[in-house]
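The values are calculated or read from the model by the stated rules, or taken from the named source; none is laboratory data. Computed from a predicted model, the values in this text were never measured in an experiment. Here the Cβ positions follow ideal geometry from the backbone for every residue, glycine too, while neighbour counts run over all protein chains shown. Note: accessible area is taken over every heavy atom of the protein model, side chains too, but ligands, DNA and RNA are not part of it. Shrake-Rupley method; radii C 1.70, N 1.55, O 1.52, S 1.80 Å.
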Amino acid sequence: MTSEPVDVVVIGAGIIGVSTALELQARGRTPVLVDRTGIAAETSRGNAGAFAFSEVEPLATPGIMRRAPKWLLDPLGPLSIPPAYALKITPWMLKFWRASWTDRYDRAVTAQTRLMQHCEAAFERQLSRFGDTDLIRREGQLELYEGARAFEQAKPKWRRRADLGIKVQMLEHPDAIADIQPGLSRKFTHAGFTPGWFNTTDPLTWTQTLARSYTDRGGRVETWDIRDLTLHTDHIELATDQAPLRARQVVICAGAWSHKLAAKIGDSIPLETERGYNTTFTRASVDLKTHLTFAAHGFVMSKIGSGLRIGGAVELGGLDLPPNYRRADILVQKAKSFMPGLDVTGGTQWMGYRPSLPDSLPVIGPSGADDRIVYAFGHGHLGLTQSAGTAELVADLVTRSNPALDLAPFATTRF
């Protein structure tokens, strides 16, 4: 066993953990980044690559529970619960239902908006200090609607974005859509365009680039599986699959597995998984001009490297059920019908576990058991988007500085 505790252990080497270790290092701390499988080896490697700072609406919208029975009847729909998991997820769904009430929803939108504003500014700071501008595509996002009725229903969301100062452009004819993205089916009659939206060319490459900035500055990375945590007066002991490790402080940002570690020290946090599916094509058979969001179908199409990625949807199915790659097939089939020139042969399928809390807000704050342990998880499908901002807030907490944002809405105790 190490005779002296290390400064701070960051558990989880996805985009949140890598960003956090890098920020702590920049503030003069000596973090050790620990992950059971390596840098961006889990969920952070396979997302759509979007920095979605305009996405401030939680999944739990008012009235959503009226549609819940359909989720069980349509296992391949945009939001589904596998029947084998329905009973187990019931306590989480009750919290999700309460989060959809207008009072909670409005508070969640306000909190998410403030977090997004902080995270967007933090991203630009991270990019200028540690990133690679060649890995960022500033090409906007086109959110597509089939018919005027669907578009009218979405207008309150777009008005809210405009009120927040987000530049939006409303398109109400297929020709206007084609001016931005040729080749789409003319069934998409309306759209909202967010020109300030941007993506990374590849989320795996982006995370690895930040990790290299960390290691090039002397940062330590260990591929260890953390099995348990024990609190002591002068240190925290971490049991691993290899050597024991002691630390003065710990940050838990292990994505969908984080709540298992939190439970070891008595914190019960209702974390679930938005299992997301995608298919990546190494060659782009169509000229994608911008990030495409097919609003009613719950999936997106984005450029990854020189290829394309089609993915999304939400399957609330936990960590243990086997993947249902038929969901990925459905998304590709829809994309082909929506963009007839698309060649969908030769794709590689993938599933990731997006960590989700009932109100769609992450947990960012100290453990209820010991403030030497800081949590940073539950970002759902916004982990990449909120990574730089979360890292700065966590570093504030670890260094006992005043956080740049009121963290009460993200506290572990809110449930």
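Each Lys and Arg Cβ is given +1 and each Asp and Glu Cβ -1; about its Cα centre, the chain then shows a dipole of about 760 debye.
Database remark: amide H of T240 closer than 5 angstrom to the amide H of R227, L245 (H placed geometrically; neighbours at sequence offset of 5 or more, or on other chains; Pro and chain starts carry no H). Relative to a virtual label point 7 Å from the Cα of T348 in the Cα→beta-carbon direction, which members of segment 287-330 show backbone nitrogen distances below 18 Å? From segment 287-330, the list is 302-312, 325, 328-329. Ligands, DNA and RNA excluded, the heavy atoms of R283 present near 140 Å² of accessible surface to a 1.4 Å solvent probe. Rolling a 1.4 Å probe across all protein chains gives D202 an accessible area of roughly 40 Å².
Quick check: with the 1.4 Å probe, what order do T37, T282, T201 take by accessible area, largest first? Mind dumping the intermediate values first?
Values: T37 70, T282 115, T201 20 Å².
Per-residue accessible area, sorted high to low, gives T282, T37, T201.
Please give the length that would be gained between Q169 and T215 if that part of the chain were fully extended, namely 0.36 nm times their separation in residues minus their C-alpha to C-alpha distance (nm, one decimal).
Fully extending the segment from Q169 to T215 adds 12.4 nm.
Under unit Cβ charges (Lys, Arg +1; Asp, Glu -1), what dipole magnitude, rounded to 20 debye, does segment 73-151 have relative to its Cα centre? Could the numbers behind the result be given before it?
Values: 11 positive and 10 negative charges, 91 e Å.
With Lys and Arg at +1 and Asp and Glu at -1, about 440 debye.
Using helices alone, I'd like the mean residue ellipticity at 222 nm for the chain: each DSSP H run of four-plus residues gives -39500 (n - 2.57), total over residue count, nearest 500. Intermediate values should be presented prior to the final figure.
Working: 10 runs with 126 residues, N = 415.
Counting only the DSSP helices, I get -9500 deg cm²/dmol.
Rounded to the nearest 10 degrees, the inclination of helix 102-130 to the longest alpha-carbon principal axis of the chain is 70 degrees. Between R159 and R98, the modelled label-to-label distance comes to 3.1 nm, taking each label 7 Å out from Cα in the direction of the beta carbon. The residue among V363, A284, Y325 whose Cα reaches farthest toward the positive pole of the charge dipole of segment 229-386, with charges on the beta-carbon of Lys, Arg, Asp and Glu, is A284.
For the chain, how big is Rg over Rh, using alpha carbon atoms and the Kirkwood form of Rh? Looking at the chain, the ratio lands at 0.96.
Defining a contact as two alpha carbons under 8 Å apart and six or more residues distant in sequence, what relative contact order in percent does segment 112-264 show? Spell out each step's value before the answer.
Details: 164 pairs, mean separation 31.7, N = 153.
Relative contact order here is 21 percent.
What the Kirkwood sum gives for segment 281-415 is a hydrodynamic radius of 17.5 Å, with every pair of different alpha carbons counted.
Counting protein heavy atoms only, segment 200-242 has 39 percent of its accessible area on carbon and sulfur, 1.4 angstrom probe.
For segment 333-387, what is the charge dipole size about the Cα centre, in debye to the nearest 20, if Lys and Arg each add +1 at the Cβ and Asp and Glu each add -1 at the Cβ? Let's see the in-between values first.
Details: 4 positive and 4 negative charges, 54 e Å.
Roughly 260 debye for segment 333-387.
Here the Karplus relation 6.51 cos²θ - 1.76 cosθ + 1.60, evaluated at θ = phi - 60°, turns the backbone of segment 11-26 into coupling constants of 9, x, 10, x, 5, 5, x, 5, 4, 5, 4, 5, 5, 4, 4, 5 Hz, with x for every Gly and Pro. Residues I373, I265 ordered from highest to lowest accessible area at a 1.4 Å probe: I265, I373.
Going from most exposed to least, what order do L72, L59 have by accessible area with a 1.4 Å probe?
On the way: L72 80, L59 45 Å².
Descending order: L72, L59.
Taking the C-alpha atoms only, the angle from helix 148-163 to the longest principal axis of the chain is near 40 degrees. The distance between label points at D329 and D7 comes to 5.1 nm (points 7 Å beyond Cα on the Cα→Cβ vector). Axis of helix 387-398 versus longest Cα principal axis of the chain: the two differ by about 20°, to the nearest ten degrees. Taking amide H atoms as placed 1.01 Å from N in the peptide plane, the amide H of I304 lies under 5 Å from those of R309, each 5 or more residues away in sequence or on another chain. The residues of the chain present an accessible area of 41 Å² per residue when probed at 1.4 Å with all protein chains retained. The solvent-accessible area of H381, taken with every protein chain present and a 1.4 Å probe, is close to 110 Å². When a/c reaches 1.5 or more, the comparison of a/b and b/c decides; with that in mind, is segment 143-222 rounded, prolate or oblate per its Cα gyration tensor? Prolate, because a/c is 1.5 or more and a/b exceeds b/c.
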